[in-house]
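Asker: I'd like to ask some things about the structure below.
The values are calculated or read from the model by the stated rules, or taken from the named source; none is laboratory data. Please read these numbers as outputs of a predicted model, since none were measured by experiment. Cβ placement follows ideal geometry from the backbone for every residue including glycine, while neighbour counts extend to all protein chains displayed. These accessible areas exclude ligands, DNA and RNA; they are computed on the full protein's heavy atoms, side chains included. Shrake-Rupley method; radii C 1.70, N 1.55, O 1.52, S 1.80 Å.
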Amino acid sequence: MIIAVDGSAASGKGTLAKRLAAYFDLAHLDTGALYRMVGLAALEQGLDDKNINELQAVAITSALDLSVTPDDRIRNDTVAEMASIVAAMPPVRACLLDLQRHFVAHPTAAGGAVLDGRDIGSVVLPDADYKFFVDADIDVRAERRTKELHDNGQSVMFRHVLEDMKARDQRDRNRDIAPLVATSDAIVIDTSDKDADMVLALALAHIAG
Ligand code: CDP
Ligand code: CDP
């Protein structure tokens, strides 16, 4: 069973993907973490988007060399923004596309996999058995992310999180390559007024047919 979960920032796609993976005993890949790790590598080399050529060269090198190890340093808004900048670069996406497809083909995913991101149903796994597109009001999403960052000890202001999120959504939706979009065969779930249990129940009801 292959499940694609796409959606906007802090919409709850990762939460749904994790719960579906646990429920069906499937492998899970948070593909946003891959882009964040490439973004982190670029930031650690002191790069920004003023020198696009150098940024792209470093981003490609780190995308080719990426290991899927969770790293707490990727969970902040500076890394998220850089992730979204390098994510608009076609060669970076090509490297990570290979990595994502290898994950699905690997024996550890023999029973199936859930991938969450922006382009799983549209580009990475267009033949997925189930596709979900998760969204929520921008204020709700910014509130959730602010709380999440506070819980992780980061003192961020709601207003800044909201602005950063709007800019990132805009970039992700409007880029030329693999933009954030709900495919026509995706089940859209608005999580604005639903907790994680309700969202999982909706997804399971759909899968049960
Ligand atoms: O958790 P949140 O939704 O805020 O971000 P994320 O899923 O960790 O993704 C960070 C950034 O990576 C996004 O803003 C996208 O620009 C990029 N991304 C992508 O382009 N394609 C994916 N499949 C996953 C993430
Ligand atoms: O993966 P994505 O960035 O889309 O979001 P997430 O990491 O699943 O969720 C972002 C935050 O919203 C987390 O703190 C979740 O616990 C919370 N959340 C929620 O309040 N209600 C939901 N239905 C889903 C997630």
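Asker: Hey, which of the helices (runs of 4 or more DSSP H) in segment 1-71, taking only ones fully inside, have at least 2 residues that are within 16 Å of ligand 2 (Cβ to nearest atom) and modelled with pLDDT under 95?
Answerer: 31-44
Asker: Can we say R75 is at pLDDT 95 or above and either open to solvent by 80 Å² or more (accessible area, probe 1.4 Å) or of a type in the set (D, E, K, R) (or both)?
Answerer: no
Asker: Does A88 count as open to solvent by 20 Å² or more (accessible area, probe 1.4 Å), among the aliphatic types (A, V, I, L, M), in contact (Cβ under 8 Å) with a residue 40 or more places away in the chain and out of contact with any Phe, Trp or Tyr (no Cβ under 8 Å at 6 or more places or on another chain)?
Answerer: yes
Asker: Show the residue pairs that are 6+ apart or on different chains and have beta-carbon atoms under 6 Å apart, the first residue being within segment 130-158 and over 15 Å from S11 (Cβ atoms), the second being assigned to a strand (DSSP E or B).
Answerer: Y130/I3
Asker: Mind listing whichever residues of segment 73-115 are in contact with a His (Cβ under 8 Å, 6 or more places away or on another chain) and near ligand 1 (Cβ under 10 Å from one of its atoms)?
Answerer: Matches in segment 73-115: D77, L115.
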